[in-house]
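Novice: Shown below is the structure under consideration.
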Amino acid sequence: VQLQASGGGLVQAGGSLRLSCAALTNPYDINVMSWFRQAPGKQRELVASITSGGSTNYVDSVKGRFTISRENSGNTAYLQMDSLKPEDTGIYYCHVNTGWKRIDFWGRGTQVTVSS
């Protein structure tokens, strides 16, 4: 499954960015769509996820600031990031889990840089 992510960039602290991820697959095969991030010198961490049923999950550090959504059971997920902080800086990776075998696929990553 090919993932096409976009929307990263440079923004000042307090600003907003919106990431999008399109999974080139049958949307009904998608179990979970997620965004992970990796900051310099740190391990990759789960930022937010949304299941096929619409349940969402967020890492504590972004709760109340980030919102993950998915278009009408489609194959595109969005991550709306508001009130950005310098510690949100990193490479953001789109992730999809698909099918009954629950296979994981990753996008290439998009850079998000928040300046103080």
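All of the numbers you see were taken from the coordinates with simple rules; none came from a lab. Keep in mind the model is a prediction, meaning the values are calculated, not measured. Note that we place each Cβ from the backbone using ideal geometry, even for glycine, and neighbour counts take in every protein chain shown.
Novice: How far apart, in nm, are the 7 Å Cα→Cβ label points at LYS63 and SER115?
Specialist: Once both label points are built, they end up 3.3 nm from each other.
Novice: Right, here's the next one. What full-extension length gain, to one decimal in nm, is calculated for ASN26 and THR51 as 0.36 nm per residue of separation minus the Cα-Cα distance?
Specialist: Extra length available between ASN26 and THR51 comes to 7.5 nm.
Novice: Can you tell me which of GLY54, GLY90, GLY41 moves the most in a GNM of the chain? Springs connect C-alpha atoms under 10 Å apart.
Specialist: In the Gaussian network model the winner is GLY41.
Novice: OK, next. Can you tell me what percent of all Cα-Cα pairs in the range 56-116 are more than 20 Å apart?
Specialist: 35 percent
Novice: Here's a follow-up. Going by amide H atoms built from the backbone, whose H comes under 5 Å of the H on LYS85, apart from near neighbours?
Specialist: GLY14
Novice: On a straight-distance basis, which aspartates and glutamates could pair with LYS85 in a cross-link, Cα separation under 18 angstrom, same-chain partners fewer than 8 positions away excluded?
Specialist: Reachable aspartates and glutamates: GLU45, ASP60.
Novice: Another one. Tell me the trypsin sites (Lys or Arg not before Pro) within the range 31-116 that lie in a loop according to DSSP and have at most 14 other beta-carbon atoms within 10 Å.
Specialist: LYS42, LYS63, LYS101, ARG102, ARG108
Novice: If you don't mind, another one. If you plug each phi of the range 19-28 into the Karplus form 6.51 cos²θ - 1.76 cosθ + 1.60 with θ = phi - 60°, what whole-Hz ³J(HN,Hα) values come out, in order, with x for Gly and Pro?
Specialist: 9, 10, 9, 9, 9, 7, 7, 5, x, 6
Novice: Name the GluC sites (Glu not before Pro) in the range 1-94 that are in a loop by DSSP and that have at most 13 other C-beta atoms within 10 Å, would you?
Specialist: Passing sites in the range 1-94 are GLU71.
Novice: Same structure, new question: Can you pull out the chymotrypsin sites (Phe, Trp or Tyr not before Pro) in the range 1-107 whose DSSP state is coil and whose Cβ has at most 10 other Cβ atoms within 10 Å?
Specialist: For chymotrypsin sites (Phe, Trp or Tyr not before Pro) across the range 1-107 that sit outside H, G, I, E and B with at most 10 neighbouring Cβ atoms in 10 Å, the list reads TRP100.
Novice: For the chain, what is the charge dipole size about the Cα centre, in debye to the nearest 20, if Lys and Arg each add +1 at the Cβ and Asp and Glu each add -1 at the Cβ?
Specialist: 120 debye
Novice: Hey, another quick one. Taking θ = phi - 60°, what integer Hz values does the Karplus form 6.51 cos²θ - 1.76 cosθ + 1.60 yield along the range 84-97, in sequence order, with x for Gly and Pro?
Specialist: Coupling constants for the range 84-97: 5, 10, x, 6, 7, 4, x, 9, 9, 10, 7, 9, 9, 10 Hz.
Novice: Continuing with this model, one more query. Fully extended, how many nm does the chain gain between PHE105 and SER6 (0.36 nm per residue separation, minus their Cα-Cα distance)?
Specialist: Additional length available on full extension: 34.0 nm.
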